[in-house]
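Novice: What follows is a structure written as structure tokens; I'll ask about it next.
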Amino acid sequence: MHFTINGKNYDADPDIRTSLLDLLREHLNLTGSKKGCDHGQCGACTVLVNGRRINSCLTLAVMHQDDEITTIEGIGTPDNLAPLQAAFVKHDGFQCGYCTPGQICSATGMLNEAKQGWPSHVSERLEGDVELTDDEIRERMSGNLCRCSAYPNIVDAIREVAEEPA
């Protein structure tokens, strides 16, 4: 099977029952995405597929052969952090760091959703620009758990990036 991950081409021959998360971690050695619950409840495995955030533990790798997959390794590097990664560092948006890759991938997708005007459950209106208030950010990030409870700092980091001029 052929995959495009972080702009690079990969060939792998996993069992057709292999999850996207297991393909990334066990077959391609892209270990940034974490296996938390393996049931889609924690968000530690969040990656972007064609720009949309998904739980990679809940989807089969074979379903994404023609998709553009982005993991935390494709968002930035230690020498060249993406703005969201830099904001997480600045605002101490992590403690143990286990959930951080999923948080950053999810926040990246969430910011794109908001730019496209997608409403959330707490949005005041269904059309037009989305104001990313703290409540909006919390609602949109509710699928990503942080067992260390760094939530206020995560919200601060996302809000800083959301308020940057486009």
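Novice: Give segment 142-157 a look and list any residue that's touching a residue at least 40 places away in the same chain (Cβ under 8 Å) and under 16 Å from the mean Cα position of the chain (by Cα), or say none.
Specialist: If the condition is that a residue be touching a residue at least 40 places away in the same chain (Cβ under 8 Å) and under 16 Å from the mean Cα position of the chain (by Cα), then Gly143, Asn144, Leu145, Cys146, Ile154, Ala157 are the ones that fit.
So that you can scan it fast, the table gives a plain yes or no per residue for (1) farther than 14 Å from Gly43 by Cα; (2) surrounded by 13 or more Cβ atoms within 10 Å (Cβ to Cβ); (3) aromatic (Phe, Trp, Tyr); (4) touching a Lys or Arg at 6+ places or on another chain (Cβ under 9 Å):
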{"residue": "Ala86", "(1), (2), (3), (4)": "yes, yes, no, no"}
{"residue": "Thr108", "(1), (2), (3), (4)": "no, yes, no, yes"}
{"residue": "Ala114", "(1), (2), (3), (4)": "yes, yes, no, yes"}
{"residue": "Arg140", "(1), (2), (3), (4)": "no, yes, no, no"}
{"residue": "Ala150", "(1), (2), (3), (4)": "yes, yes, no, no"}
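Novice: Name the residue that is nearest to the chain's Cα centre (by Cα), counting only residues in segment 9-28 that are part of a loop (DSSP other than H, G, I, E, B) and either at pLDDT below 95 or not aliphatic (A, V, I, L, M) (or both).
Specialist: This residue is Thr18.
Novice: Cys57 fails exactly one of the following numbered conditions: (1) without any contact (Cβ under 8 Å) to a residue 60 or more places away in the chain; (2) surrounded by fewer than 20 Cβ atoms within 10 Å (Cβ to Cβ). What is the number of that condition?
Specialist: (2)
Novice: Still on this structure: Does Leu126 fit the bill of being of a type in the set (A, V, I, L, M, F, W, C) and under 24 Å from Leu28 (Cβ atoms)?
Specialist: No.
Novice: Follow-up question, since we're still on this one. Of Glu131, Glu124, Glu113, which residue is of a type in the set (Asp, Glu) and touching a strand residue (DSSP E or B) at 6+ places or on another chain (Cβ under 9 Å)?
Specialist: Result of the check over Glu131, Glu124, Glu113: Glu113.
Novice: For segment 116-131, give me each residue that is hydrophobic (A, V, I, L, M, F, W, C) and open to solvent by less than 30 Å² (accessible area, probe 1.4 Å).
Specialist: None; the set is empty.
Novice: Here's another thing I want to ask about it. If I filter segment 29-45 for residues that are open to solvent by 80 Å² or more (accessible area, probe 1.4 Å) and in a helix (DSSP H, G or I), do I get at least one hit?
Specialist: No, segment 29-45 has no match at all.
The values are calculated or read from the model by the stated rules, or taken from the named source; none is laboratory data. A quick note: this is a predicted structure, and the numbers were derived from the prediction, not measured. Positions of Cβ are backbone-derived with ideal geometry, glycine not excepted, and every protein chain shown enters the neighbour counts. When the accessible area is computed, the model is the full protein with side chains, heavy atoms only, and any ligands, DNA or RNA have been set aside. Shrake-Rupley method; radii C 1.70, N 1.55, O 1.52, S 1.80 Å.
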